[in-house]
1. Here are Leu78, Leu95, Leu85: which of them is touching an Asp or Glu at 6+ places or on another chain (Cβ under 9 Å) and closer than 27 Å to Phe212 by Cβ?
2. For the stretch 77-91, name all the residues that are exposed (fewer than 13 other Cβ atoms within 10 Å of the Cβ) and basic (Lys, Arg).
3. Just name the residue that is surrounded by the fewest Cβ atoms within 10 Å (Cβ to Cβ) out of those in the stretch 92-111 that are in a loop (DSSP other than H, G, I, E, B) and out of contact with any helix residue (DSSP H, G or I) (no Cβ under 9 Å at 6 or more places or on another chain).
4. Starting from the stretch 74-96, take each residue that is more than 24 Å from His297 (Cβ to Cβ) and basic (Lys, Arg) and list its partners that are surrounded by 11 or more Cβ atoms within 10 Å (Cβ to Cβ) and modelled with pLDDT of 95 or more, counting only C-beta distances under 7 angstrom and pairs at least six apart or across chains.
5. Which one of these does Thr84 not meet: (1) under 17 Å from Ala128 (Cβ atoms); (2) assigned to a loop (DSSP other than H, G, I, E, B)?
6. Does the stretch 287-303 hold any residues that are over 18 Å from Ala116 (Cα atoms) and part of a loop (DSSP other than H, G, I, E, B), and which are they?
7. Filter the stretch 171-219 for residues that are surrounded by fewer than 16 Cβ atoms within 10 Å (Cβ to Cβ), over 20 Å from Leu267 (Cβ atoms) and small (Gly, Ala, Ser) and give the result.
8. In the stretch 241-275, which residues are assigned to a helix (DSSP H, G or I) and touching a helix residue (DSSP H, G or I) at 6+ places or on another chain (Cβ under 6 Å)?
Amino acid sequence: MGIPGFCLSSVPFYRSTHSKGSTTLERRCFLGFGRVGKGKVRQVRGLEMTATETDKSVSAKQVKDIYSPFWAYAKNVLETRVDTLKPYPIPEGYLHKEAISGKGKRQALVTTDSYAYSSDKLRQIRTAHVQGGAQLQVLNFVMFPEMNYDLPFFGADLVTLPGGHLIAIDMQPLFHDDAYRAKYSKSVEEIYERCKVNLPWGGDFPEEAARFFSPCFIWSRPSEDEAVETHVFDCFKAYLHKYLDLVEKAEPVTDPERLEAIKESQLAYLQYRAEKDPARGMFLRFYGEEWTETYIHQFLFDLEHKIELGEYKPPV
């Protein structure tokens, strides 16, 4: 889903394989590359999820809706700081979706909720929030700038599995030259250094994916809920406010060559994310092919579709 979401950005950290009586979830690093561990979960068939009532063998204390506070905070900040904020269209039938996972006592309701806004400088601000009880919780929150700004993308992929958490937060760059890094990455270095003290690096990721991340990419795998509720939340807030600071200061690009470079970079990122989205397999199992492919191409990474329909015209 995307950082990314859900990779949906942005939510891209696991896949499932089935054997008799159980399903194995393989946890993977951001963008779905590089196995980082395994955990067995009986009768889990789903994708990105967050908390609802589930396996009765798990106490209510253990089943936390851990990411709703993140989205509630982000929504409030957006409404407070972005004067031109307005609703962004979500395809009909994709605002809310439900499926049942498991059988008997282990049966759980899985819901996927989508939220979207835009502003004069941000083409799409979107969130995918999947709630599925104790087995898996996910929040994918991404902001895509308008194509006449050279702003980076903002991406937060927050994933919780029975064995721990997978956290990815970044301002994903359009370019990697020194001038671009000085303009954008430099401003977040102090926050990054502070965050990595409590959120150590989560492990290597493939070179293929490296071009989509900044030098201040937070990628961590904390084991405790408390670390998510404190350290991760603090860093999420700091990155969000710093990004909106950059948005407020951003000036439109008018040079035709630079505009073309921005277009190419944005489309390359979105095409890559749509093609590689590891959330696809689980969404297919829950909701079927038609819903899944429409969700990926017409909501999560919709720019190419909007351009093809003539609903969005890149600046020239």
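1. Leu85
2. The answer is Lys86, and nothing else.
3. Checked the stretch 92-111; the qualifying residue surrounded by the fewest Cβ atoms within 10 Å (Cβ to Cβ) is Glu92.
4. Hits for this filter: Arg81/Leu244.
5. (1)
6. Gly288
7. Ala179, Ala182, Gly203
8. Lys242, Leu244, Leu270, Ala274
The values are calculated or read from the model by the stated rules, or taken from the named source; none is laboratory data. Just so it is clear, the structure is predicted and the values come from calculations on it, not from any experiment. Cβ sites come from the backbone with ideal geometry, for glycine too, and all protein chains shown count toward neighbours.
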